[in-house]
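Please read the structure below before turning to the comments.
Here, each number is a calculation from the coordinates, and none is a lab measurement. No experiment lies behind these values; they were computed from the predicted model shown. Glycine also receives a Cβ, built like all others from the backbone with ideal geometry; neighbour counts cover every protein chain displayed.
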Amino acid sequence: MEPLIQLKNITKVYEIGGPAMGRLGRLRGGAHPGLSVTALKQLSLDFHRGEFTAIAGPSGSGKSTLLNIIGTIDSPTRGEVHYEGRKVSSLREELLADFRLRSLGFVFQAYNLISVLTAVENVEYVLALQGIGREERAQRAREALRRVGVEAQADRRPDLLSGGQQQRVAVARAIVHRPMVVLADEPTANLDSKTAEALLALMLDLNEEHGVTFLFSSHDPRVLSRAKRVIQIHDGCVEGEEDRE
Amino acid sequence: MSSALILLAWRNVWRNRRRTLITLLSIAAGLAALLFGQSLVYTIQYQLVEKATGVHTGHIQILEAKTADFKFPDRYIPDPGGIEKILDATPEVAVYERRVVVTGMISSKKEAAGVLLCGVDPERDPRVLQMSRYLKRGRLLGPDGEGVYLGDKLAAKLGVNLGDEVVLMGSARDGSMGAELQRVTGIFSSGSQTFDASIIYVSIKTASRLMALGDEVNDFVIRVRDPMRLDEARDELARRLRGRPVRVVTWEQVDFELVGIRDYQNALLDIVLCVIFLIVSLGILNTLLMSLFERVREFGVLMAIGAGPRFIRRMILLESGILGALGGALGLAAGCAIILYYRKAGFVLPVGESIGFFMPFDSVLFLRFDWGRHVTAGAAVLLTSVLSGLPPAFRASRMKPAESLRHI
């Protein structure tokens, strides 16, 4: 079966200090083009539909970079990202944005809801960007909020919601348009253990009951214990992989 | 434009209420001040033109072809009757009169003074020019055309009053010295030193007799039906008068210094306009840049969930457009309110006294709307606002989603 996502020889190098520092280094004799850090080294991975996969590793191991590259919000220095056999890593930003809009959902560590929109408006926004009509998107957004258990808070702005509620709204926003995959970067890191447990249960439920594919990063052993597949990353390389299904 | 874009842009504008209100107020205050300035200058210009054309120059003049100084036409037009027939048949002409305008002297028992002597048509003059409005005592020239009316300052200098005798003198066309004894029938007070102290009005019959003229005149003063189509009227008259030894000039050619003043004031207004737009655009740019730096992370989120660079650009441009439209609307409303107030109450302008030296000019100005310029200023504020949104819009749209999301 063709993988949903294929990463081929992904390398990511960050220029520390940005291009200006690089230029400055070259001006000073050409031998010091600025500092660079290799976050991912020739990494190749496949992911399949319906997975509930955790990317594990200590801080600075490259988890977030990997998720960003899978999510096409960052580009690899070398290598290719394929979705259902289609190479997306070389698409123009406008086309990439459209791809993300229709195919991906994101959950961030810091929730990252849009502060001037209410919970339901945040969820609706993805549908609005897709050009879906007002009635349908309102109905689908409320349904998504109901599914994650925060329908009662639909009309509140993020600053009036608890961390757990905000993250649930973020999950609702990530699934409302039925994406191919939901990418979650340390989704429980800012939550207390009880709320984190509840959120994880919700994600598992969405995966098992509704077939939503989840790729998430974490270094929390309790979270990792719930994953069906765990990929261990260290210094930008795959250190190990465990399939629990 | 999608409702999602409008909703988010609108909410973003009000994200920091106080900052937005300060920006709006600065745009509005700038525009309102500009509108007031435009209205004031327009009113001054309008009054200058009205007074200049109304009291002496008229809209159009017909002068002898070789007349060099249009203000003091010292050459004579032959066959004025033939010209009158053409004027009567020209639809653009509303009313006209023939005049003899010469320099001469007026003397009383006590004093003498050099004057510009205007020989006017007693019956037509009040319809062509407005000097009669400034008559303070006595009456205009009677139907028989006898008498003289003069300004209060000249009357005071000469020590004459209504009914007193004065002698008019001038160097006649035949080389003799002409003299006429007349009684003062009226005294006017226009507020203008030039008019009140050095111009006197007699009938054209008296002036012609004094200058030993036959039927000749120095000029025809014409009021046209549509002052906005002045050049067309002049061209039409010139066409009809072709072959005659005359030239047709508009008030802009006679009172060219007024055109200079108008152009100078307009240039000043344009500079003020640019300064205000610069302030407006810097204000908006500042607001948008501050808002942009506060929202870098949110741009990352928007881009991650599928908003492309074009969406981000349009959103920021819309935000700047909203700021410009709201500020512009506030400014237009405030500016119009100020103009309306001074349109009713009048605005005392000290410069009226200085302009009044040269021509009758009211010191209390009742402001007029200069809609063309007002609308242009409002539209320019909107355009400037949108343009000042361009740098932040392009800057935000070039952000990388992952980098934006890392922004603290």
What order do you get for B:His407, B:His56, A:His210 when you list them from fewest to most C-beta neighbours inside 10 Å?
-> A:His210, B:His407, B:His56
Once amide H atoms are placed 1.01 Å from N in the peptide plane, what residues at a sequence separation of 5 or more from B:Val101, or on another chain, have their amide H within under 5 Å of its amide H?
-> B:Gly119, B:Asn218, B:Asp219
What is the distance in Å between the Cα centres of the stretch B:250-275 and the stretch A:39-64?
-> 72
Membrane-span-like helices (DSSP H runs, Cα span along own axis at least 20 Å, mean Kyte-Doolittle at least 0.0) in chain B -> B:17-52, B:256-294, B:309-345, B:371-388
dims of the stretch B:26-67, Cα set, principal axes, largest to smallest, nearest Å -> 56, 19, 10
What is the Cα centroid distance between the stretch B:27-94 and the stretch A:135-182, reported in whole angstrom?
-> 72
Cα-based equivalent ellipsoid of chain B: semi-axis lengths in Å, sorted from largest, via gyration tensor = 64, 22, 15
Rounded to the nearest 500, the 222 nm mean residue ellipticity computed for chain B from DSSP H runs (n ≥ 4, each -39500 (n - 2.57)) alone is -17000 deg cm²/dmol
Expressed as a whole percent, how much of the Cα-Cα distance distribution for chain A exceeds 35 Å?
-> 17
Note on chain B: contact order normalised by length, alpha-carbon pairs under 8 Å, 6 or more apart, percent, works out to 26
Given a cut-off of under 8 Å on Cα pairs at least six residues apart, what relative contact order in percent is computed for the stretch B:194-333?
-> 11
Likely footprinting exposure, A:Phe52, B:Phe195, fewest C-beta neighbours within 10 Å first = A:Phe52, B:Phe195
Rank these for me by crowding, A:Cys237, B:Cys118, B:Cys274, going from fewest to most other beta carbons within 10 Å.
-> B:Cys274, A:Cys237, B:Cys118
What per residue convex hull volume, in Å³, comes out for the stretch B:363-408 when only alpha-carbon positions are used?
-> 115
Cα-centre dipole for the stretch B:267-408 with unit charges at Cβ (Lys and Arg positive, Asp and Glu negative), debye to 20 = 680
Here D for the protein assembly as shown, in µm²/s, from Stokes-Einstein with a Kirkwood Rh over Cα pairs at 20 °C and 1.002 mPa s, works out to 67
Treating each Cα of the stretch B:66-244 as an identical point scatterer and ignoring solvent, apply the Debye formula and state log10 I(q)/I(0) at q = 0.09, 0.10, 0.13 Å⁻¹.
-> -0.33, -0.40, -0.67
Using a Gaussian network for chain B with springs between C-alpha atoms less than 10 Å apart, which of these wobbles most: B:Val296, B:Val41, B:Val217?
-> B:Val296
Taking a quarter of the surface of the convex hull around the Cα atoms of the stretch B:298-346, what do you get in nm²?
-> 3.9
Along its principal axes, what span do the Cα atoms of the stretch B:313-408 show, with the longest given first and each in whole Å?
-> 71, 26, 24
Rounded to the nearest whole number, the per residue volume of the convex hull around the C-alpha atoms of the stretch B:105-157 in Å³ is 94
Antiparallel DSSP beta bridges within the stretch A:138-242, as percent of all bridges there, nearest 5 = 50
Short to long, in 5 Å steps from zero, the percent of alpha-carbon pairs of the stretch A:149-245 per bin is 2, 11, 23, 23, 19, 12, 5, 3, 1
If one computes the Cα centroid of the stretch B:98-153 and of the stretch A:214-245, what distance in Å separates the two points?
-> 107
Enter the mean number of other protein chain beta carbons within 10 Å of the beta carbon of each residue in A:112-119, as an integer.
-> 5
Once all Cα-Cα distances of the stretch A:78-119 are split into 10 Å bins that start at 0, what whole-number percent is in each one?
-> 22, 40, 28, 10
Beyond 19 Å (Cα-Cα) in this structure, taken from B:Lys109/B:Lys153; A:Lys8/A:Lys63; A:Lys41/A:Lys63; B:Lys110/B:Lys153; B:Lys109/B:Lys205, we find B:Lys109/B:Lys205
Average beta-carbon neighbours from other chains, 10 Å sphere, peptide B:305-315 = 6
Output the relative contact order of the stretch B:66-244, whole-number percent, from Cα pairs under 8 angstrom with separation of 6+ residues.
-> 32
